[in-house]
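Below: the structure, in structure tokens.
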Amino acid sequence: MSYFYVKALHIIFVVTWFAGLFYIVRLFIYFAETTEKPEPERSILQEQFKIMQKRLWYGITWPSAILTLIFGLSMWHLYGGTPNWLVWKLSFVVGLYVYHFLCHAIFKQQQQGILKYNSTQLRIWNEVATLFLISIVFLVVLKSTLSMIWGIVGLILFSAILMLAIRIYKRVRESK
């Protein structure tokens, strides 16, 4: 019975972690777009976005990432083994933590007023979390290595569709 409680808590913190990852990059995008604003609007918006980023990052995203890890490791221990699908899932989870740390680097840069990426680059970056989410959920639900090839093909197609959607969105925005 404790396995199901741990699993429920793991899922809850995965959801809040992803919510934080999706929203923090949106805040990065909004921060980057302030460079096009005149003063004093730019400074006011940047200061507000810094506050929002800090509260989200340290109040929700980091705690959720840590609790996801704790409950995930607990679940793995209670599961009692490491099947092939779990090896693949864990590799995507490692990639997701790398993504999280890279988001942390962007967060630190923006907190110092450093902008290394424009809003289009950050929009593409935002979709990386979507790819991790889809990959991990499909692996956990399907638990099949036979469908791995179809999963990779689907992921590549989904990535191509996302990139196309971002380009179309950019053209629509620039035409206004």
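The values are calculated or read from the model by the stated rules, or taken from the named source; none is laboratory data. Note that the structure is a prediction, hence the values are computed from the model and not measured. Note: ideal-geometry Cβ built from the backbone for every residue, glycine included; neighbour counts use all protein chains shown. SASA here: full protein model, heavy atoms, side chains in, ligands and nucleic acids out. Shrake-Rupley method; radii C 1.70, N 1.55, O 1.52, S 1.80 Å.
Helical runs (DSSP H, four residues minimum) scored at -39500 (n - 2.57) apiece and divided by the length of the chain put the mean residue ellipticity at 222 nm at -29500 deg cm²/dmol.
The mean accessible area for residues of the chain, using a 1.4 Å probe and ignoring ligands and nucleic acids, is 61 Å² per residue. The order of 166, 156, 70 by accessible area, most exposed first and with a 1.4 Å probe, is 156, 70, 166.
Taking all protein chains in place and a 1.4 Å probe, what share, in percent, of the accessible surface of the range 27-153 do carbon and sulfur account for?
Working: 4980 of 7250 Å².
Roughly 69 percent of what the probe reaches on the range 27-153 is carbon or sulfur.
The smallest convex shape that holds all Cα atoms of the range 18-91, its convex hull, gives 79 Å³ per residue.
Could you tell me the center-to-center distance, by alpha carbons, between the range 103-176 and the range 4-78 in angstrom? The distance from the Cα centre of the range 103-176 to that of the range 4-78 comes to 16 Å. Normalised by the number of residues in the range 29-121, the mean separation of alpha-carbon contacts (under 8 Å, six or more apart) gives a relative contact order of 50 percent. Taking N as the residue count of the range 37-176, its C-alpha radius of gyration divided by 2.2 N^0.38 Å amounts to 1.30.
Percent of C-alpha pairs per 10 Å bin in the range 107-176, short distances first: 17, 36, 27, 16, 4. Listed peptides 123-133, 17-27 appear in the order 17-27, 123-133 once ranked by packing, highest mean of other Cβ atoms within 10 Å at the front.
Candidates 66, 53, 115 compared by Cα position along the dipole of the range 39-176: farthest toward the positive end lies 115, with charges placed on Cβ.
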